[in-house]
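Below is one structure, written out as structure tokens; comments come after it.
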Amino acid sequence: MYDALTSRYGFSCPVRGETSVTLSAFRSVERLEGAAHPAVYRVTFACSCGGEHPGLVTHEELDWAPLGVEGAARFFNLMTAKLEDSTDEFGDLAARRIQAGEWPWTFFCLPEERPRPVFPSSFVLLAAADGTVGVAVRCPACARTSVNLVTTSHVDLPFHNDAEVGVVRHVFWEEPVVEEFRSFLGSSEFDARRLRL
């Protein structure tokens with residue numbers, strides 16, 4: 001489902017059969033009731049066919065697979081002419097970076113006025129435009145939802161954190177509705193802030 005070498009999720013598409021998308025192509029992430037081990041998330045993603053389609057991902061595929069620690073990330077090594085597994089290398093690299101104080105994904109929590117570490121399972125809604133992504137993120141500490149405007153790399157690539165993050169000066173106490181979220185993205189309420197995330 002997730003390819004750690006290309007940073008893409010594989011889904012089925014009713015038009016093309018199969019498609020692969022980056023995390024920034026997701027439009028919504030919702031945990032389903034019931035399943036706990038593993039937790040299952042319903043996602044809606046923007047497909048290259050031009051439509052938006054639903055898909056299912058497990059907690060491991062959503063949060064851990066992008067770090068290269070879940071599943072085999074196999075590649076053809078031209079030096080040895082063999083298929084090789086890179087899972088151990090990716091897992092070791094991710095562990096070292098986390099031990100050094102880096103976190104794969106961060107966002108700015110408006111109520112707490114500070115950056116917070118998160119995983120993609122904390123994302124609620126995403127809206128992309130012109131290389132940027134508006135991300136509504138539920139804070140794991142205060143459980144409130146803040147909206148950040150970041151680059152697609154900030155979302156798609158673990159351990160890539162933007163030096164400047166746009167922050168909507170509005171806190172969502174309930175689940176944000178799609179129309180309200182999109183109206184904020186189109187408004188002038190984003191406040192560019194220089195943050196060290």
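Of the residues Val150, Val135, Val155, Val124, which is within 12 Å of the chain's Cα centre (by Cα) and in a helix (DSSP H, G or I)?
One residue alone meets the criteria, Val155.
Output the number of residues of segment 92-121 satisfying the condition of being exposed (fewer than 15 other Cβ atoms within 10 Å of the Cβ) and either acidic (Asp, Glu) or assigned to a strand (DSSP E or B) (or both).
So the answer is 4.
Just give me the residues in segment 1-13 being within 15 Å of Leu56 (Cβ to Cβ) and either surrounded by 19 or more Cβ atoms within 10 Å (Cβ to Cβ) or touching a residue at least 12 places away in the same chain (Cβ under 8 Å) (or both), in sequence order.
Met1, Tyr2, Tyr9, Phe11, Ser12, Cys13
Go through Glu33, Glu89 for me and flag whichever is modelled with pLDDT under 90, exposed (fewer than 14 other Cβ atoms within 10 Å of the Cβ) and part of a helix (DSSP H, G or I).
Among Glu33, Glu89, only Glu89 is modelled with pLDDT under 90, exposed (fewer than 14 other Cβ atoms within 10 Å of the Cβ) and part of a helix (DSSP H, G or I).
Quick one: Ser28 ticks every box in (1) part of a strand (DSSP E or B); (2) surrounded by fewer than 18 Cβ atoms within 10 Å (Cβ to Cβ) except a single one, so which number is it?
So the condition that Ser28 fails would be (2).
Would you point out which residue out of Leu5, Leu62, Leu83 is farther than 17 Å from Pro158 by Cβ and in contact with a Phe, Trp or Tyr (Cβ under 9 Å, 6 or more places away or on another chain)?
Leu83
Only one residue in Arg96, Arg116 is touching a Phe, Trp or Tyr at 6+ places or on another chain (Cβ under 7 Å) and not hydroxyl-bearing (Ser, Thr, Tyr), so which one is that?
The match here is Arg116.
Hey, among Leu197, Leu185, which residue is in a helix (DSSP H, G or I), modelled with pLDDT under 70 and buried (at least 18 other Cβ atoms within 10 Å of the Cβ)?
Leu185
Output the number of the condition that Ser20 fails; it satisfies all remaining conditions of (1) out of contact with any helix residue (DSSP H, G or I) (no Cβ under 9 Å at 6 or more places or on another chain); (2) under 23 Å from Asp130 (Cα atoms); (3) touching a residue at least 60 places away in the same chain (Cβ under 8 Å).
Of everything listed in (1) out of contact with any helix residue (DSSP H, G or I) (no Cβ under 9 Å at 6 or more places or on another chain); (2) under 23 Å from Asp130 (Cα atoms); (3) touching a residue at least 60 places away in the same chain (Cβ under 8 Å), Ser20 misses just condition (3).
The values are calculated or read from the model by the stated rules, or taken from the named source; none is laboratory data. Just so it is clear, the structure is predicted and the values come from calculations on it, not from any experiment. Reconstructed Cβ throughout: ideal geometry from the backbone, glycine too, with neighbour counts over all protein chains shown.
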